[in-house]
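Chemist: Before anything else, here's the structure in question.
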Amino acid sequence: MLTKKEDLSIQTRLLHHSHKHDRHTGAVSVPIQHASTFHQTNLDEFGKYDYARSGNPTREALEEIIAGLENGSEGFAFASGMAAISTTFMLLSAGDHLLITEDVYGGSYRMTTEVLTRLGVEHTFVDMTDISSVEDAIRPNTKMIYMETPSNPTMKITPVKEIAEISKAHGCISVVDNTFLTPVLQRPLDLGADIVVHSATKFIGGHSDVVAGLAVVNDHSLANQLRFLQNSFGAILGPQDCWLIMRGMKTMHTRMEASSTSALKLAKWLRKHPDVKRVYYPGLDDHPGYEKQRLQADGPGAVLSFELKDRSHVKKVVESVQIPVFAVSLGAVESILSYPAQMSHAAMPAAERNKRGITDGLLRLSVGLEKTDDLIQDLEQAL
Ligand SMILES: *Cc1c(COP(=O)(O)O)cnc(C)c1O
């Protein structure tokens with residue numbers, strides 16, 4: 001007898017789900033439906049699809065697949081990670097207060113400090129690794145607790161279950177940005193979070209060829225609110241890009257596994273390098289979040305950061321590496337080296353960056369699928 005869907009591992013569920021073949025033709029790929037509108041046969045009652053902003057069969061397939069992988073009830077696909085995050089923030093109203101992790105992604109920082117403030121939503125940045133500082137920061141009007149773990153780029157680990165419990169106890173919505181780990185390595189809804197958001201541009205898409213965002217919930221009433229906002233805000237993902245994300249997701253487990261194994265080797269090598277002051281990677285046993293990460297996730301992921309002893313060497317290193325692309329972004333088949341101070345966190349003032357450890361000597365490496373020894377050799381010559 002065939003095992004129940006829920007009993008299958010995520011590795012298998014990436015390939016075997018309700019959209020593994022097309023109901024009408026048997027095609028082993030989801031059809032790309034470009035229609036913006038749908039013919040209605042009945043004046044009084046419209047069919048399942050009416051206008052593609054509210055619903056499109058290709059997008060719906062992606063939304064159902066990601067909901068299944070995150071063990072949620074409903075998924076939503078957006079034009080970018082920031083569209084998913086900003087739409088989620090739209091659950092808040094003027095007068096509400098948002099608790100947000102202090103080393104949050106630069107774009108989420110910008111949205112919080114420069115847009116939400118204008119709309120009358122208050123915020124407090126907190127170190128989410130410290131449960132008591134989260135509790136202390138909660139106000140009577142706190143409505144949302146927003147986590148990102150591992151954080152970017154210093155890879156701090158937030159105890160999701162504990163923070164989600166605090167959030168529930170105070171009637172708040174808890175959100176986790178799961179971009180760095182994907183549902184292959186971490187499923188925040190299982191840990192009690194209310195909403196998972198993703199920049200699917202990164203590991204989920206995985207091939208540096210599409211910008212996309214996803215959100216998943218496990219509660220119909222919250223799903224209805226998010227669906228209403230998705231349709232009202234309108235930042236939906238187009239059918240072609242939905243297809244690219246579904247195509248990329250098929251190899252997500254294999255990619256995450258290979259890149260994580262390689263990242264651990266690189267982190268260990270970097271830690272011993274005389275020119276490296278510090279390595280941030282939750283797979284190293286001296287990382288402060290090592291134990292927590294081992295308990296709440298199925299691996300440390302494929303992103304690490306390292307700080308050079310001599311900050312003036314950054315330019316030389318960046319310009320001498322041959323294999324990784326030097327670029328904004330992460331989570332691709334090719335390794336990506338980036339400079340957070342001037343890339344992902346450029347929106348953050350220097351003083352705020354330094355407080356968070358995002359110094360001018362810090363480089364972030366998203367490990368791809370190259371042979372690890374080749375990456376080590378390349379970094380060796382560059383350093
Ligand atoms: C890239 C990224 C985002 C934003 O996603 P986009 O697809 O670029 O809009 C949000 N959170 C994290 C952790 C990211 O790395």
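The values are calculated or read from the model by the stated rules, or taken from the named source; none is laboratory data. These figures come from a predicted structure and were not determined experimentally. Here the Cβ positions follow ideal geometry from the backbone for every residue, glycine too, while neighbour counts run over all protein chains shown.
Chemist: Kindly establish whether residue 345 is within 16 Å of the ligand (Cβ to nearest atom), modelled with pLDDT under 95 and either closer than 23 Å to residue 80 by Cβ or of a type outside the set (A, V, I, L, M) (or both).
Modeler: It is true that residue 345 is within 16 Å of the ligand (Cβ to nearest atom), modelled with pLDDT under 95 and either closer than 23 Å to residue 80 by Cβ or of a type outside the set (A, V, I, L, M) (or both).
Chemist: For residue 333, are the conditions met, namely being in contact (Cβ under 8 Å) with a residue 40 or more places away in the chain, surrounded by fewer than 22 Cβ atoms within 10 Å (Cβ to Cβ), among the β-branched types (Val, Ile, Thr) and in contact with a Gly (Cβ under 9 Å, 6 or more places away or on another chain)?
Modeler: yes
Chemist: Restricting segment 212-221 to residues that are in contact (Cβ under 8 Å) with a residue 60 or more places away in the chain and over 22 Å from residue 250 (Cα atoms), which is nearest to the ligand (Cβ to nearest atom)?
Modeler: Here the residue is 218.
Chemist: Among the residues of segment 202-211, what is the count of those that are within 13 Å of the ligand (Cβ to nearest atom) and surrounded by fewer than 24 Cβ atoms within 10 Å (Cβ to Cβ)?
Modeler: Number satisfying all stated conditions: 5.
Chemist: Among the residues of segment 10-28, is there at least one that is in a loop (DSSP other than H, G, I, E, B), of a type in the set (Gly, Ala, Ser), out of contact with any helix residue (DSSP H, G or I) (no Cβ under 7 Å at 6 or more places or on another chain) and modelled with pLDDT under 95?
Modeler: The answer is yes; a qualifying residue exists.
Chemist: How do the helices (runs of 4 or more DSSP H) wholly within segment 96-195 filter down when requiring 3 or more residues that are buried (at least 21 other Cβ atoms within 10 Å of the Cβ) and more than 16 Å from the ligand (Cβ to nearest atom): which remain? Working first, answer last.
Modeler: Working: elements: 106-110, 131-137, 160-169, 182-185.
Correct list: 160-169.
Chemist: Between residues in segment 78-93 that are among the aliphatic types (A, V, I, L, M) and residues that are near the ligand (Cβ under 8 Å from one of its atoms), which pairs lie under 6 Å by C-beta distance while being six or more apart or on different chains?
Modeler: If the second residue must be near the ligand (Cβ under 8 Å from one of its atoms), the pairs left are 82/107; 83/213; 84/197; 84/213; 85/108; 85/197.
Chemist: Among the numbered criteria (1) surrounded by fewer than 24 Cβ atoms within 10 Å (Cβ to Cβ); (2) away from the ligand (no atom under 16 Å from the Cβ), which one does residue 244 miss?
Modeler: (2)
Chemist: Quick one: count up the residues across segment 101-139 that are closer than 17 Å to residue 349 by Cα and touching a residue at least 40 places away in the same chain (Cβ under 8 Å).
Modeler: 10
Chemist: Evaluate segment 246-254: report whether one residue or more is outside any helix (DSSP H, G or I) and of a type in the set (S, T, N, Q).
Modeler: Initial filter on segment 246-254 (outside any helix (DSSP H, G or I)): 250-251.
Adding the requirement that they be of a type in the set (S, T, N, Q) leaves 251.
Within segment 246-254, one or more residues are outside any helix (DSSP H, G or I) and of a type in the set (S, T, N, Q).
Chemist: Looking only at segment 340-383, how many residues end up being more than 21 Å from residue 272 (Cα to Cα) and in contact with a strand residue (DSSP E or B) (Cβ under 8 Å, 6 or more places away or on another chain)?
Modeler: Looking only at that region, the number is 4.
Chemist: Just the residues that are in a loop (DSSP other than H, G, I, E, B) and either exposed (fewer than 13 other Cβ atoms within 10 Å of the Cβ) or over 21 Å from the mean Cα position of the chain (by Cα) (or both), please, taken from segment 288-323.
Modeler: Passing the criteria: 288, 309, 310, 321, 322, 323.
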